[in-house]
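Asker: Sharing a structure here in structure tokens format.
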Amino acid sequence: MLDHCSISHKGGVVLWSRSFTPAASHTAASSTSPVNSLVRESLIEGRSSDGKYEKDGYAVKWTFVNDLELIFVVAYQRILQLTYVDELLLALRTLFIKLFKPFLASFVASLHVTGSAKLSSSAAPSASWNFRKAFEGWDGVFDKLLRGLEDKAAQERRTRVAHPARAVIDVTPPVEDTSTIPSQSNAEVQDEEQIARNVQALKNRLRGRGGQASRRGRGRTDVGSGRDSLPASDSETPTSKRKSRAKVQRKWGEAAPTENDMASLDYSYDSSVSDGPASSLDLSALVDNGSLGTRTQDGLYEVKDWEFGSQSDKNADDVIAQVLKKGGQDAKPASGSLGALGSIFSRLTGSKVLTEEDLKPVLEAMKQHLMKKNVAKEIADKVCDDVGQSLVGKKVGGFQSTTSAVRQALSNSITRILTPKTSTDLLLSIRTKLSTPVAASQKRLPYSITFVGVNGVGKSTNLSKVCFWLIQNGFRVLIAACDTFRSGAVEQLRVHVRNLGMLGVDGATNSKGRVELYERGYGKDAAGIAREAIAYGRDNDFDVVLIDTAGRMQDNEPLMRALAKLVATNNPDKIIFVGEALVGNEAVDQLTKFDRALRDFSAASGGQERGIDGMLVTKWDTVDDKVGAALSMTYVTGQPIIFVGCGQTYTDLRQLRVANVVQAILSD
């Protein structure tokens with residue numbers, strides 16, 4: 001049984017709706033209804049383009065009529081698994097347009113005329129139209145259609161119950177009857193037996209070849225003896241012949257090493273720098289003056305924006321138009337590049353309505369282009385589906401209007417995904433917390449940021465870049481060394497703290513006291529060290545605590561539980577995922593599992609559910625225009641990319657602008 005059905009305009013005007021239960025009627029009117037959630041989380045953001053959406057036990061399906069800008073929506077309880085919903089949507093769309101197309105065309109035209117006025121008057125047209133009178137008789141048509149489909153589904157259900165043998169070859173049994181399991185046919189059993197025989201025959205052949213190779217290796221000639229010996233493995237080698245080479249220890253001479261000898265080998269401490277003048281440190285190797293940020297009128301230090309190569313003087317629309325207009329002159333049709341889009345669309349001239357068949361080769365070329373830009377395949381499929389849905393049914397009148405439609409669809413889809421849904425102003429968040437009043441008997445807590453990610457992506461290096469940015473904005477920063485596993489992790493942070501202390505702010509001699517390292521060595525509990533670091537920062541008036549964590553693979557459950565424990569224990573203000581720009585499909589897997597594990601395990605540890613709050617993408621300077629990882633990461637989490645790392649110095653940190661990323665992705 002359905003719960004809700006509605007027909008709406010893309011601008012938000014509800015033309016007709018029907019709720020079938022009192023609960024559904026109340027839910028449909030609330031802000032938490034599945035239909036409202038569909039609009040907010042799927043249609044506006046373009047995050048689900050397969051025509052199905054699930055929320056709070058409800059399943060919602062929809063379809064578009066692009067030329068009339070209509071959305072047909074059906075909602076029902078997910079557990080019911082109604083089989084006639086797709087057929088109902090198709091019939092609804094066909095009948096509604098056939099019966100009321102003249103009225104709908106005039107209504108949409110009036111919306112566009114009014115839309116050129118102020119945004120505040122966008123709701124005015126709906127008040128001047130009498131939808132109840134315009135759609136008089138539609139309720140009876142809908143009831144008749146729904147009853148017919150329900151009767152048909154019930155008849156099919158009775159047929160499956162009366163003739164269970166047909167259910168195997170007809171359709172899958174309904175989910176409600178979990179005991180109905182299709183039996184294997186004789187052909188399937190024979191196939192399995194044949195496969196088993198083939199596998200055994202292959203093993204026999206390999207064993208025979210291995211025996212021959214073993215006999216040849218031992219110098220035997222007893223080929224006709226019939227014995228098939230397996231080749232000798234490493235485990236058959238006598239242990240006496242396998243001597244493990246021990247690590248050669250350092251020779252100190254006759255006397256044992258002293259504390260001074262051991263201290264001389266720790267290069268993370270540099271007494272000559274800490275006691276001598278600032279000039280003893282080569283600052284030119286740590287700071288690139290060409291990549292230094294700028295000061296605003298308010299005195300804030302802002303990092304530079306990332307710009308896309310030689311095309312930085314063009315906006316995204318110009319680049320897309322150039323790609324589409326190249327046509328087939330330079331593009332090779334067999335390559336499937338986006339440059340072939342222009343030649344494909346140039347043949348669609350005249351007053352033509354675009355269909356799925358017309359768009360299929362174009363969308364395939366678009367998908368291949370996105371994957372070449374390092375976009376994960378799953379994300380490329382969904383983006384192309386979204387673009388296809390927005391173009392099907394559109395009327396085109398010549399090449400120019402087609403180019404405009406494609407450009408608009410591409411820009412809208414990618415821009416919707418990349419546009420941040422939350423604030424990316426980290427400085428504002430820090431200042432807001434630091435300015436929040438606390439009780440007289442308490443001290444304010446510092447703003448804490450935890451950096452997480454897989455091994456080797458550059459968490460510690462880019463943490464130090466963020467630290468440099470915070471120091472330039474006048475904050476006192478404490479770095480917590482919570483990577484107690486990797487050898488050299490603490491020493492690496494110690495070197496960064498030493499260098500950052502010597503760089504200073506705006507050319508000052510040094511910034512000692514503005515940055516410190518909190519470390520407790522190796523083999524300790526990372527969650528406990530982070531808690532102690534935050535308490536130390538509170539007692540010593542630090543503004544920000546940057547928590548460095550050990551890298552771990554997303555499938556390692558014990559390590560993910562330990563990370564979730566750190567998050568649940570300390571409740572950091574920001575959790576930043578550090579990922580590489582080089583990854584493609586792996587970006588989706590990493591982010592999905594990190595976010596899911598943090599949410600599940602942090603809630604299970606007794607704290608509140610926490611997920612990824614933002615991303616920092618490293619090695620951005622190595623991918624040129626293949627910036628698809630940004631699209632994949634943002635699509636998966638819905639969270640913004642706060643910074644990108646693009647070099648080896650502390651100033652090599654950049655901010656992303658949506659237009660620049662769109663431009664790079666769509667460049668040919």
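Asker: Could you give me the residue pairs with C-beta distances under 8 Å whose first residue belongs to segment 527-554 and is assigned by TED's automatic domain parsing to the domain that holds Ser435, whose second residue is among the acidic types (Asp, Glu) wherever it lies, and which are 6+ apart or on separate chains?
Answerer: Correct list of pairs: Ile529/Glu519; Phe542/Glu516; Asp548/Asp483; Thr549/Asp483; Ala550/Asp483; Gly551/Asp483; Gln554/Asp589.
Asker: Among Thr622, Thr637, which is touching a residue at least 40 places away in the same chain (Cβ under 8 Å) and open to solvent by 50 Å² or more (accessible area, probe 1.4 Å)? Talk me through it step by step, then tell me what you get.
Answerer: Working: Thr637 fails: open to solvent by 50 Å² or more (accessible area, probe 1.4 Å).
Answer to the selection: Thr622.
Asker: Is there a residue being open to solvent by less than 40 Å² (accessible area, probe 1.4 Å), at pLDDT 95 or above and touching a Leu at 6+ places or on another chain (Cβ under 7 Å) anywhere in segment 495-516?
Answerer: No; the residues of segment 495-516 include none that is open to solvent by less than 40 Å² (accessible area, probe 1.4 Å), at pLDDT 95 or above and touching a Leu at 6+ places or on another chain (Cβ under 7 Å).
Asker: Mind listing whichever residues of segment 550-574 are more than 19 Å from Glu532 (Cα to Cα), assigned to a helix (DSSP H, G or I) and either open to solvent by 10 Å² or more (accessible area, probe 1.4 Å) or of a type in the set (D, E, K, R) (or both)?
Answerer: If the condition is that a residue be more than 19 Å from Glu532 (Cα to Cα), assigned to a helix (DSSP H, G or I) and either open to solvent by 10 Å² or more (accessible area, probe 1.4 Å) or of a type in the set (D, E, K, R) (or both), then Glu557, Pro558, Leu559, Arg561 are the ones that fit.
Asker: Continuing with the same structure: Out of Ser126, Ser116, Ser122, I need the residue that is open to solvent by 50 Å² or more (accessible area, probe 1.4 Å), modelled with pLDDT under 80 and closer than 19 Å to Leu70 by Cα. Which one?
Answerer: So the residue among Ser126, Ser116, Ser122 that is open to solvent by 50 Å² or more (accessible area, probe 1.4 Å), modelled with pLDDT under 80 and closer than 19 Å to Leu70 by Cα is Ser122.
Asker: Additional query: Residues Arg599, Arg654: which one is more than 23 Å from Glu532 (Cα to Cα) and either hydroxyl-bearing (Ser, Thr, Tyr) or open to solvent by less than 40 Å² (accessible area, probe 1.4 Å) (or both)?
Answerer: Arg654
Asker: Here is a further query. Go through Val644, Val636 for me and flag whichever is over 19 Å from Asn462 (Cβ atoms) and either of a type in the set (A, V, I, L, M) or at pLDDT 90 or above (or both).
Answerer: Result of the check over Val644, Val636: Val636.
Here's the yes/no breakdown for (1) among the β-branched types (Val, Ile, Thr); (2) open to solvent by 10 Å² or more (accessible area, probe 1.4 Å):
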| residue | (1), (2) |
| --- | --- |
| Phe451 | no, no |
| Thr461 | yes, yes |
| Lys465 | no, no |
| Val477 | yes, no |
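Asker: Give the residue, chosen from Ala535, Ala530, that is touching a Ser or Thr at 6+ places or on another chain (Cβ under 8 Å) and modelled with pLDDT of 95 or more.
Answerer: Result: Ala530 is the single residue among Ala535, Ala530 that is touching a Ser or Thr at 6+ places or on another chain (Cβ under 8 Å) and modelled with pLDDT of 95 or more.
Asker: Let me ask another. State all residues of segment 158-183 that are open to solvent by 50 Å² or more (accessible area, probe 1.4 Å), in a helix (DSSP H, G or I) and modelled with pLDDT under 80; if no residue qualifies, say none.
Answerer: Hits for segment 158-183 are Val161, Ala162, Pro164, Ala165, Arg166, Val168, Ile169.
Asker: To continue, here is another question. Have a look at Leu598, Leu582, Leu546, Leu563 and point out the one that is at pLDDT 90 or above and closer than 13 Å to Val454 by Cβ.
Answerer: On the way: Leu598 fails: closer than 13 Å to Val454 by Cβ; Leu582 fails: at pLDDT 90 or above; Leu546 fails: closer than 13 Å to Val454 by Cβ.
The unique qualifying residue is Leu563.
The values are calculated or read from the model by the stated rules, or taken from the named source; none is laboratory data. Being a predicted model, the structure only gives us computed values, none of them experimental. Glycine also receives a Cβ, built like all others from the backbone with ideal geometry; neighbour counts cover every protein chain displayed. Ligands, DNA and RNA are stripped out before the accessible areas are found, and what is left, the full protein with its side chains, is counted by its heavy atoms. Shrake-Rupley method; radii C 1.70, N 1.55, O 1.52, S 1.80 Å.
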